[in-house]
Protein chains: 2
Amino acid sequence: MPLCVVGSVALDSVETPTETRENVLGGSAVFFSYAASFFTTVRLASVVGEDWPPEHTAMLRARGIDTEGLRIVPGGKTFRWRGRYFQNMNDRETLDLQLNVLRDFEPDLPESYRRSKLLFLANGSPVHQLKTLDQCTGASLVVADTMDHYIRTEPDELRQLLKRIDGLVLNDSEAKLLTGDDNLVRAGKTICEMGPQFVVIKKGEHGAMFFGHDETYVLPAYPTPTVVDPTGAGDSFAGGTMGYLAEAATKKGTGPIYAQHPKGGHRPKVGRGKLDLSPFSLDPKTLKLALAYGTLVASFTVEDFSLDRLRKIDRKDIDRRLEEYRRMLSL
Amino acid sequence: MPLCVVGSVALDSVETPTETRENVLGGSAVFFSYAASFFTTVRLASVVGEDWPPEHTAMLRARGIDTEGLRIVPGGKTFRWRGRYFQNMNDRETLDLQLNVLRDFEPDLPESYRRSKLLFLANGSPVHQLKTLDQCTGASLVVADTMDHYIRTEPDELRQLLKRIDGLVLNDSEAKLLTGDDNLVRAGKTICEMGPQFVVIKKGEHGAMFFGHDETYVLPAYPTPTVVDPTGAGDSFAGGTMGYLAEAATKKGTGPIYAQHPKGGHRPKVGRGKLDLSPFSLDPKTLKLALAYGTLVASFTVEDFSLDRLRKIDRKDIDRRLEEYRRMLSL
């Protein structure tokens, strides 16, 4: 089941305490798409400039990522970000940000994208996220990311967005900012009351928290000793999580997921308190496994720059790490 | 199987953003003992002054905590700490610290204490921790806590201590300070190489990490929305963890733990790479369950000031939370 993502495509320059990489492939939609491509086909919508290396497009296509929605602006320049990580590899500063073609990017999804049942609105202006949402009228499950900048500058549009999406993914500091509450458990529940049926709070090296109206899960990060470049970890997490949900929905009726829905078929979308977004099985088991997959894909992402580590692994490597992770958490 | 703890007993004054409590029962040995008392009998060694309210001793005794080693110094004043928590309830500042009788405290354990098989050296000077260790010659499992102050001021004595203990428990920031490494996974492994067979890194609201020579576990904190006073959380965690290990060792031969040691009886203490500290079953299953119990007891501690929340619960409440926690982590 194809998963549609709208977000940024970038050329990143990343400085870590030990190494620097110039103009490597990055951007929220890229990390999300690649992470999701271990599980499902992906439809990527974004914009780049004439300086965009075509081999990146070829590489993404070879992964089953549809790039019909990746617009190339003649004469334009691709979005560029330069950042430096501090010694702790968690905190970073932005040294340079050139929005370029992203500044005037108005989402205009190809027809085939508009019928996607599963939509991820990567980090971006809530105004644009709302416009994208208007185009994807058939989506059963819509999840969005946001960030401090938009929480501060477009609070009203963000509030509108929250009432129209099923899930929100954001960082711990952003959850605190959005709610004014320093307790993440309370913050997660408060955001649920703003509209979405579920909220995922990303805590970087400390893992992630999931909040539904009736349940709370916390999963730790996979303890990798190798942290080379954390860029894209959050987007890979979201990509792995939603990728697995797409896969589970595809398999529904044939795999173990079916057991959760013995009657099969579509079920009406029900109100608050039940995570039933048919045909997506948001039962606790599927959800937690999705979050675990997101966690594990992200644990690979940080082990090298850009997509370098992800490009060296396959689904079996992820499943092997899943078994280890499952063993670690079994009590 | 009695568990011996040597550490501080204090009268704490705690200021949080919403409430203040004056001169409430505190101290590392108190939180540790009470937490452990859900699982085992405890032998508490510390020192207080003449201002010590005797009802505190009575309360601890009623919990099966032996207070023979709690010395009362005539004319002395009990150790006092006053601290203020910031809005985030994680960071705090010490407003006042009066060591009082703790300044000249030289551990001199009662005879019965010296035969304890299980010893916890709560946060204190490595010099004193070493002296205590010299008195407890029969201990099979020795775990110590330490802090930034001693890492800075007594590094050589701490290094000596590390070579003589089985386990070290410390905070994330302390692990980084001790190793000079900001990656906690590497830091944990590095500390293992300094001597102890295992290291537990406490991450407060983010849970705890365990490092043996061959294994790494990460467990998240229980997501409680009620954080009233985090004082004592780390010591309760250690108390719950070691308390359960003592209980498991007691039950050995009768309970499921026995299955891990079909031949029963004592086995020689083996070298690095195997956590075999007979009669303690430090197999992964027992260890993780011990860490989970520590995590859960700590999650109750923070829900009120001092021991107030712990005094309202019993073992059944902890086991109920364990079932919830286990469900949350099952993938």
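The values are calculated or read from the model by the stated rules, or taken from the named source; none is laboratory data. Note that the coordinates shown come from a computational prediction; the quantities given were computed from them, not determined experimentally. We place every Cβ from the backbone using ideal geometry, glycine too, and count neighbours over all the protein chains shown. The protein model used for the area step is the full one, side chains on, heavy atoms only, and it has no ligands, DNA or RNA in it. Shrake-Rupley method; radii C 1.70, N 1.55, O 1.52, S 1.80 Å.
Quick look at the values:
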read-out	value
The range A:289-304 residues that are closer than 15 Å to A:D229 by Cα and open to solvent by less than 10 Å² (accessible area, probe 1.4 Å), paired with ones that are of a type in the set (G, A, S) and assigned to a helix (DSSP H, G or I) (beta carbon under 6 Å, 6 or more apart)	A:V297/A:A35; A:V297/A:S236; A:V297/A:G240; A:T301/A:A233; A:T301/A:S236
Condition check for B:V6: buried (at least 24 other Cβ atoms within 10 Å of the Cβ) and in contact (Cβ under 8 Å) with a residue 24 or more places away in the chain	yes
Residue list for the range B:14-40, filter: in contact (Cβ under 8 Å) with a residue 40 or more places away in the chain and among the hydroxyl-bearing types (S, T, Y)	B:T16, B:S28, B:S33, B:Y34, B:S37, B:T40
Filtered residue count, the range B:134-178, keeping only those that are over 20 Å from B:T295 (Cα atoms), open to solvent by less than 20 Å² (accessible area, probe 1.4 Å) and among the charged types (D, E, K, R)	1
Filter result for B:K131 (open to solvent by 10 Å² or more (accessible area, probe 1.4 Å), over 22 Å from A:Y85 (Cα atoms) and within 14 Å of chain A (Cβ to nearest Cβ))	no
Considering residues of the range A:224-244 that are at pLDDT below 95 and touching a helix residue (DSSP H, G or I) at 6+ places or on another chain (Cβ under 6 Å) only, the residue surrounded by the fewest Cβ atoms within 10 Å (Cβ to Cβ)	A:P225
Yes/no for A:V142 being β-branched (V, I, T) and either within 10 Å of chain B (Cβ to nearest Cβ) or out of contact with any Leu (no Cβ under 8 Å at 6 or more places or on another chain) (or both)	no
The range B:57-106, residues that are of a type in the set (A, V, I, L, M) and open to solvent by less than 80 Å² (accessible area, probe 1.4 Å)	B:A58, B:M59, B:L60, B:I65, B:L70, B:V73, B:M89, B:L95, B:L99, B:V101, B:L102
Residues of the range A:193-218 satisfying the condition of being facing another protein chain (nearest Cβ under 10 Å), under 28 Å from A:G83 (Cα atoms) and open to solvent by less than 20 Å² (accessible area, probe 1.4 Å)	A:K203, A:G207, A:A208, A:M209
Candidate set: the range A:107-126, residues that are open to solvent by less than 30 Å² (accessible area, probe 1.4 Å) and closer than 17 Å to A:T146 by Cα; chosen: the one farthest from the chain's Cα centre (by Cα)	A:P107
Selected residue (criterion: nearest to the chain's Cα centre (by Cα)) from residues of the range B:33-56 that are surrounded by fewer than 24 Cβ atoms within 10 Å (Cβ to Cβ) and part of a loop (DSSP other than H, G, I, E, B)	B:S37
